[in-house]
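Each remark here refers to the structure printed beneath this line.
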Amino acid sequence: MWRQRLTVFKDKPEISLLREMSTTSWRLYHVKDKSAWFLDAFAPEGAPPSLGAHYDSLIKIPDIICPEFEAFLAEHPNKFDSFQIYREILHEAIFLSQMFNTQVLSSYSDDEESDFVAVAEHGELKLLRFGCYTEEIRQLTRAEAFAVDSHITAIHVSDKEIDINRIEVYEYLTYQAQKLPNTPIMLYPFHRYVEGLIGNLVVFKTLWSSSDTEPPNLIFRNAHITLRDQFAVVLPDYTADIDDFELIAQYRFRPSLRTVTAKILGDLLTFLHKRLKKHPLTILSSLLLLIIMVFGPNRALDENHSSKNSFEGSCLASGGEPRIDKSLSKITPGLGKRCVIAGLSYPEHLIPAVAGDTRLIAVHYSQAPCQADQSQDCMLLDGAEFQEMIAGFTPQPDTRGVLLLNRTTLCNKTGPAECAADAPVFHYQLQRQLLVSSGSAPKVD
């Protein structure tokens, strides 16, 4: 499969913050004489930039609610299943543009019709393009089908017997969702083409030629066109000269041995647990289970900050099992994201750690009536009531969003008597915030 994922900054991102937010290794390139910085997958020294040959985000990206996007989807419930949606791309553009105070393009395209691109500036969605659905317009007559100058020469292979006299050639129209600056998201005709079979011969022809207003038969078109229009950069293909891409910085992500060991032990414990349900408890399996149970909780104490930048990594580094329930997070953002340690469930900001441990966390912030006093509103972080202070952050009425926090553990909350009574366990320092007013579009704070 051919695929391409791009993350492009209009201004040079803060390298130290970029490292703090990383979930894997990366390289940062600057396009000479252009205001464009490409975040690219890591490669051996001397290797050229891959220009988006990775799939997952290189940066820790929380789920973000974009009311305008959700309203558009709600308007088309019957066609939703056909939409080529990549929410992480949308979240990445909005989140990074706010965190780094600049314009960010994020896109994912492949050769199976996915072509999703989003551009945000200072936390506000500016541009959006993605494929939606295809509708059949009409079936071509026999004469029209034989007259098609097919762009593809191929034979259809099937287990069923093929009727060589069959003529099934149709004209199709695809639609695309598009948002331009200061406009809502709307549906537009995107591509008209002919496709079908004459016997076992494949017939395909695009009916729109390449121009500034009509889409060509080009993979990754949305990303290329948007990058050209917004960043004045013409993206080269994989064989093109890329001398204009200058390496600015690189980061090598190195998970610690303890973090890797923690995951292996966790997987082994799960495997043994399933086996012991079906088979009698043998002496060997009992010993293995005992060793894991005794030493498992202590595998958490990892000093390598870079290995804890994702929720899963943070949970594993503390000896826990990350669990994500998206259905709960739809009710309250972050509610379905919990780390289970020794049978107890922790939201990300309360995951136990040793004194002095510092990690970067992204949490969903909202407000709800306090459990003790329903007449007062309390802060919720990932759906859990939060009564402590966050340095640099002042709660605002009727707001919700995402907070990027530096969390430092003040005492060893790894046992029942290691923290003084009523003493704070963690110190929280606001790094960046992305807030939205309830029922409105994102706003800059």
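Remarks
- Some residue of the range 322-332 being surrounded by fewer than 17 Cβ atoms within 10 Å (Cβ to Cβ) and in a strand (DSSP E or B): yes
- Filtered by the rule that a residue be closer than 15 Å to His364 by Cα and either surrounded by fewer than 19 Cβ atoms within 10 Å (Cβ to Cβ) or modelled with pLDDT under 80 (or both), the range 402-428 gives a lone residue, Asn406.
- For the range 47-96, the candidate set comprises residues that are assigned to a loop (DSSP other than H, G, I, E, B) and among the hydroxyl-bearing types (Ser, Thr, Tyr); within that set, the residue that is farthest from the chain's Cα centre (by Cα) is Ser50.
- Note on the range 1-46: residues that are of a type in the set (Lys, Arg), part of a strand (DSSP E or B) and farther than 12 Å from Tyr251 by Cβ amount to 2.
- Taking the range 97-170 as the region of interest, the strands (runs of 3 or more DSSP E) fully inside it that hold 1 or more residues being surrounded by fewer than 20 Cβ atoms within 10 Å (Cβ to Cβ) and assigned by TED's automatic domain parsing to the domain that holds Leu201 are 103-110, 124-139.
- For Tyr193, the conditions (1) of a type in the set (Ser, Thr, Tyr); (2) surrounded by 11 or more Cβ atoms within 10 Å (Cβ to Cβ); (3) not in a strand (DSSP E or B) all hold with the exception of (3).
- Candidate set: the range 204-251, residues that are at pLDDT below 60 and among the charged types (D, E, K, R); chosen: the one surrounded by the most Cβ atoms within 10 Å (Cβ to Cβ): Glu214
- Apart from one condition, Gln84 fits all of (1) more than 17 Å from Gln176 (Cβ to Cβ); (2) crowded, with 17+ Cβ neighbours inside 10 Å; the exception is (1).
- Every residue from the range 30-69 that is among the acidic types (Asp, Glu) and either crowded, with 17+ Cβ neighbours inside 10 Å or farther than 20 Å from Gln433 by Cβ (or both): Asp33, Asp40, Glu45, Asp56, Asp63
The values are calculated or read from the model by the stated rules, or taken from the named source; none is laboratory data. Because the structure is predicted, anything quoted here is derived from the model rather than measured. Neighbour counts run over all protein chains shown; Cβ positions are idealised from the backbone, glycine included.
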